[in-house]
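For reference, the structure is listed below as structure tokens.
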Amino acid sequence: MPEALPDPLRAEGVLFDLDGVLTPTAEVHMRAWKVVFDDVFERWGITPAYTDADYFDYVDGKKRYDGVASLLHSRNVEVPWGAVDDPPEAETICGIGNRKNAAFAQSLRAEGIAPYPGSLALVEKLSAAGVPLGVVSSSKNAEEVLGTAGIRSFFRIVVDGVVAERENLASKPSADMFRAGAVALGVDPAHSIAVEDATSGAASAAAAGFAIVVGVDRGAGADALRDAGATVVVDDLDVFLSDSAGSAGQADSTPQATSSDDQETA
Ligand SMILES: [Mg+2]
């Protein structure tokens, strides 16, 4: 029995996480983390080896240094925190985080990034209808990723890792980030929608009082997203493109109201 889908056109505002929701940057992040942690684990003899499951359990959706600390803590490894301006070679939480960021930036510049077709189509549809849109991302690379993907202009506000540091917002799963996003966009969370692919992000949105938290399952798992606070879980945002979305649940055979250069995603 398909879940009934909310109608994002009727929301007061919609706040999107970035990595893994709008752009497949999670893959770029995952590759960068693996390069860094494989090296650290091997040199320090840390076991068990770093896996993609560790990414989802300890790193995904958190601020960079919190992710490093959380993962190392899971292996009972204590490392000095260091400082945000530690060089990438420094064997500190911050140094390891900065090393990962350098690997990420290098990959982004070399390969570029394109938004998920379903996400782009939904953002275009909501934007054309005048629904206020914002981005709530833990990443300090959010502006660069949005610009590289060519979608920055759709969003009235961006609350990212840079804003979080400046305004002292706690890392997801704290309510801080999504609460700040709603305030910046000028919308009431009780009448708005948050879209997240990470359990920490779904928990943040739920704690911030969002009536509807859409979990996009890119690997975290539908059950884990629901347990964290997602009120509905989808595989891709293209399910919201159907005219019947909001009343009839999943759209398989209904005509799709999409942009002119329609892409076959089914
Ligand atoms: Mg994400």
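Overview of values
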read-out	value
Region 180-235 and region 50-113: distance between their alpha carbon centers, rounded to Å	24 Å
Anchor Lys172: aspartates and glutamates whose Cα lies under 14 Å away (excluding residues fewer than 8 positions away in-chain)	Asp17, Asp19, Asp57, Asp60, Asp66, Asp160, Glu196, Asp197
Span-rule helices in the chain, defined as complete DSSP H runs reaching 15 Å or more along the axis (Cα) with Kyte mean at least -1.0	25-44, 64-74, 93-111, 117-128
Cβ-derived FRET efficiency at R0 25 Å, Ser70 paired with Asp39, nearest 0.05	0.85
Overall form of region 43-110 per C-alpha gyration tensor (a/c, 1.5; a/b vs b/c)	oblate
Compactness index (Cα Rg / 2.2 N^0.38 Å), region 140-187	1.16
Semi-axes of the equivalent ellipsoid for region 111-250, Cα gyration tensor, largest first, Å	21, 19, 15
Full-stretch length increase - Ser174, Glu124 - with 0.36 nm per residue and alpha-carbon distance subtracted	15.1 nm
Percent of Cα-Cα distances greater than 15 Å, calculated over region 1-90	69 percent
Surrounding net charge for Val123, when Lys and Arg each add one and Asp and Glu each subtract one, Cβ distance under 14 Å	-1
Length-normalised contact order for region 27-111 - Cα pairs under 8 Å, 6+ apart - percent	26 percent
Using alpha carbons only: equivalent-ellipsoid semi-axes of the chain, gyration tensor based, whole Å	32, 18, 18
Length-normalised contact order for the chain - Cα pairs under 8 Å, 6+ apart - percent	24 percent
Antiparallel content of DSSP bridges confined to the chain, in %, to 5	5 percent
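Each reported figure results from applying straightforward, stated rules to the coordinates on display, with no laboratory input. Bear in mind the structure is a predicted one, so any value in this text is a computation, not a measurement. Ideal geometry is used to build each Cβ from the backbone, glycine not excepted, and the neighbour counts take in all protein chains shown.
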